[in-house]
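S.K.: Can you keep this structure in mind? I'll have questions shortly.
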Amino acid sequence: MKKYNVGIVGYGWVATAHIPAINATALGQVTAVCSSRKLDGAALSAQYGGPIRVYNDLDEMLANPEIHVVSLCGFPSQRLDQVRRAARAGKHLILEKPLCLSLKELRAMHQAVKRARVKTCVCFECRYANQFQVIKTVLDNGLLGQVHYGEVDYYHGIGPWYAQFRWCRSKAEGGSSLLEAGCHALDALLMCMGSEVDEVMSYTSKSRNRLFAPYEYPSTSVTILKFKNGAAGKCTSSIDCLQPYYFHTHLVGSKGSLLDNKFHSTDLGTNKAAWSTLAMKPVDSGDVSDHPYQAQFTAFFDALARGREMPLTSLDDAVVSHEVVLAADCAAELGRPVKMAHLSKYAK
């Protein structure tokens, strides 16, 4: 099989995780980087073990027929314009989250990709983390029965010590606690619950610690979800907490429950009075170098080679999750629940 040449757009912190992960797959290789900064192509090539051409103009990079895929690692406010240009050029897309900061932008992005008929991979990479691959297997095998309640929460203090704080603290780039970071937890919850969302309500708050004062939006939120199949769910997103990183997961079903790496299942006859343990690598770090990009990108390039859509994290999948995030943010602002069917009435 041929290798897919990938051009990176935006050489920041997340790009330094995308490049080695792409190069570690069997079918992908990074051959170009486009940045507003002046970068040394020879130094990048030596650092990543292969020839990398540096561009300062996106259209010039997109005009190169030898580039098959672009990975958009820049600011969220630039994403829609870059998606439109890359899609028109016929490039397949790897998209960092959040995809954008408004419903209008989300719909425009989705339309541009559908019109161009390019393939997509959105970096909701937690779906490819070992923890959630194991959980998905447990659910797919019916070991919890019908899940009627679930909560997946994101606790990660993102303060001045964190690279992205310099830009994610602004509403124009970060958007909200959910958009900026907690969307990973909400996306994982949606995968686990396996039902469309009917209605959401969200409440917000903010730490009084001066370290988090630069945030231009409430940096903690809790979202309650009502699903169409009658199930209920909760997602907390706290980026102003002072504690170890924690991706809390609790699922309650008709045949058992799962709590992080522990579970009970009546089908397996485990002891209800004591948790049994699942061997898994937990989602326990906000460092992009620890994220399961390689597994996700391997699935993406395999799908490309077969002419198929990306499983689990295509743009179609990510649009659903982003719509729920945007509905939650609307509900918090309005102070009342928002039905997904009425989202267009409220979201910008």
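S.K.: For the stretch 156-185, how many residues are surrounded by fewer than 22 Cβ atoms within 10 Å (Cβ to Cβ), at pLDDT 95 or above and of a type in the set (Ser, Thr, Tyr)?
M.R.: 1
S.K.: Sticking with this structure for a sec: Starting from the stretch 58-86, take each residue that is not assigned by TED's automatic domain parsing to the domain that holds LEU304 and modelled with pLDDT of 95 or more and list its partners that are surrounded by 23 or more Cβ atoms within 10 Å (Cβ to Cβ) and small (Gly, Ala, Ser), counting only C-beta distances under 8 angstrom and pairs at least six apart or across chains.
M.R.: none
S.K.: May I ask you to list the residues in the stretch 200-258 that are aliphatic (A, V, I, L, M), surrounded by fewer than 22 Cβ atoms within 10 Å (Cβ to Cβ) and closer than 30 Å to LYS272 by Cβ?
M.R.: First pass over the stretch 200-258, keeping only residues aliphatic (A, V, I, L, M): 200-201, 211, 213, 222, 224-225, 231-232, 239, 242, 251-252, 258.
Still in the running and surrounded by fewer than 22 Cβ atoms within 10 Å (Cβ to Cβ): 201, 211, 213, 222, 224, 231-232, 242, 252.
Hits for the stretch 200-258 are VAL222, ILE224, ALA231, ALA232, VAL252.
S.K.: Continuing with this model, one more query. State whether the residues of the stretch 17-25 include one that is at pLDDT 95 or above and in contact with a Cys (Cβ under 7 Å, 6 or more places away or on another chain).
M.R.: yes
S.K.: Give me the pairs: first residue in the stretch 330-348 and in contact (Cβ under 8 Å) with a residue 40 or more places away in the chain and farther than 15 Å from VAL197 by Cβ, second residue surrounded by 11 or more Cβ atoms within 10 Å (Cβ to Cβ) and of a type in the set (Gly, Ala, Ser), beta-carbon distance under 6 Å, and six or more apart or on different chains, which are they?
M.R.: Filtered contacts from the stretch 330-348: ALA332/SER202; LYS348/SER102.
S.K.: Sticking with this one: It is to be established whether one or more residues within the stretch 31-54 are crowded, with 19+ Cβ neighbours inside 10 Å, in contact (Cβ under 8 Å) with a residue 60 or more places away in the chain and touching a strand residue (DSSP E or B) at 6+ places or on another chain (Cβ under 9 Å).
M.R.: Within the stretch 31-54, not a single residue is crowded, with 19+ Cβ neighbours inside 10 Å, in contact (Cβ under 8 Å) with a residue 60 or more places away in the chain and touching a strand residue (DSSP E or B) at 6+ places or on another chain (Cβ under 9 Å).
S.K.: Can you name the condition, by its number, that LYS345 falls short on among (1) farther than 18 Å from CYS235 by Cα; (2) touching a strand residue (DSSP E or B) at 6+ places or on another chain (Cβ under 8 Å)?
M.R.: Unmet for LYS345, out of (1) farther than 18 Å from CYS235 by Cα; (2) touching a strand residue (DSSP E or B) at 6+ places or on another chain (Cβ under 8 Å): (2).
S.K.: I'd like the full set of residues that are crowded, with 21+ Cβ neighbours inside 10 Å and under 19 Å from the mean Cα position of the chain (by Cα), limited to the stretch 81-104. Before you say what the answer is, go through the steps one by one.
M.R.: Initially, the stretch 81-104 is screened for residues crowded, with 21+ Cβ neighbours inside 10 Å, giving 82-83, 86-87, 91-101.
Those that are crowded, with 21+ Cβ neighbours inside 10 Å and under 19 Å from the mean Cα position of the chain (by Cα): GLN82, VAL83, HIS92, LEU93, ILE94, LEU95, GLU96, LYS97, PRO98, LEU99, CYS100, LEU101.
S.K.: Quick check: is even one residue across the stretch 123-134 at pLDDT 95 or above, assigned by TED's automatic domain parsing to the domain that holds ALA328 and of a type in the set (Val, Ile, Thr)?
M.R.: There is at least one residue in the stretch 123-134 that is at pLDDT 95 or above, assigned by TED's automatic domain parsing to the domain that holds ALA328 and of a type in the set (Val, Ile, Thr).
S.K.: What is the residue count in the stretch 259-286 for residues that are among the basic types (Lys, Arg) and either surrounded by 15 or more Cβ atoms within 10 Å (Cβ to Cβ) or closer than 14 Å to LEU144 by Cβ (or both)? Outline the logic, then answer.
M.R.: Restricting attention to the stretch 259-286, the residues satisfying the condition of being among the basic types (Lys, Arg) are 262, 272, 281.
Imposing the further condition that a residue be either surrounded by 15 or more Cβ atoms within 10 Å (Cβ to Cβ) or closer than 14 Å to LEU144 by Cβ (or both) reduces the set to 262, 272.
The number of residues fulfilling the criteria is 2.
S.K.: Turning to a different aspect of this structure: Which one of ALA305, ALA347 is small (Gly, Ala, Ser), in contact with a Ser or Thr (Cβ under 8 Å, 6 or more places away or on another chain), surrounded by fewer than 22 Cβ atoms within 10 Å (Cβ to Cβ) and outside the structural domain of TYR154 (by TED's automatic domain parsing)?
M.R.: On the way: ALA305 fails: in contact with a Ser or Thr (Cβ under 8 Å, 6 or more places away or on another chain).
Exactly one of ALA305, ALA347 is small (Gly, Ala, Ser), in contact with a Ser or Thr (Cβ under 8 Å, 6 or more places away or on another chain), surrounded by fewer than 22 Cβ atoms within 10 Å (Cβ to Cβ) and outside the structural domain of TYR154 (by TED's automatic domain parsing), namely ALA347.
S.K.: Restricting attention to the stretch 240-274, report how many residues are within 14 Å of THR137 (Cα to Cα) and among the aromatic types (Phe, Trp, Tyr).
M.R.: Final tally of qualifying residues: 1.
S.K.: Hey, among ARG127, ARG115, which residue is in a helix (DSSP H, G or I) and more than 15 Å from the chain's Cα centre (by Cα)?
M.R.: ARG115
S.K.: One residue is enough: does the stretch 193-213 have a residue meeting the conditions assigned to a helix (DSSP H, G or I) and under 18 Å from the mean Cα position of the chain (by Cα)?
M.R.: Filtering the stretch 193-213 down to residues assigned to a helix (DSSP H, G or I) leaves 193, 210-212.
Subset that is under 18 Å from the mean Cα position of the chain (by Cα): 193.
Yes, because at least one residue in the stretch 193-213 is assigned to a helix (DSSP H, G or I) and under 18 Å from the mean Cα position of the chain (by Cα).
The values are calculated or read from the model by the stated rules, or taken from the named source; none is laboratory data. Here the structure is a predicted model, which means the values were calculated and not measured. Because the Cβ atoms are built from the backbone with ideal geometry, glycine has one as well, and the counts that use them run over all protein chains shown.
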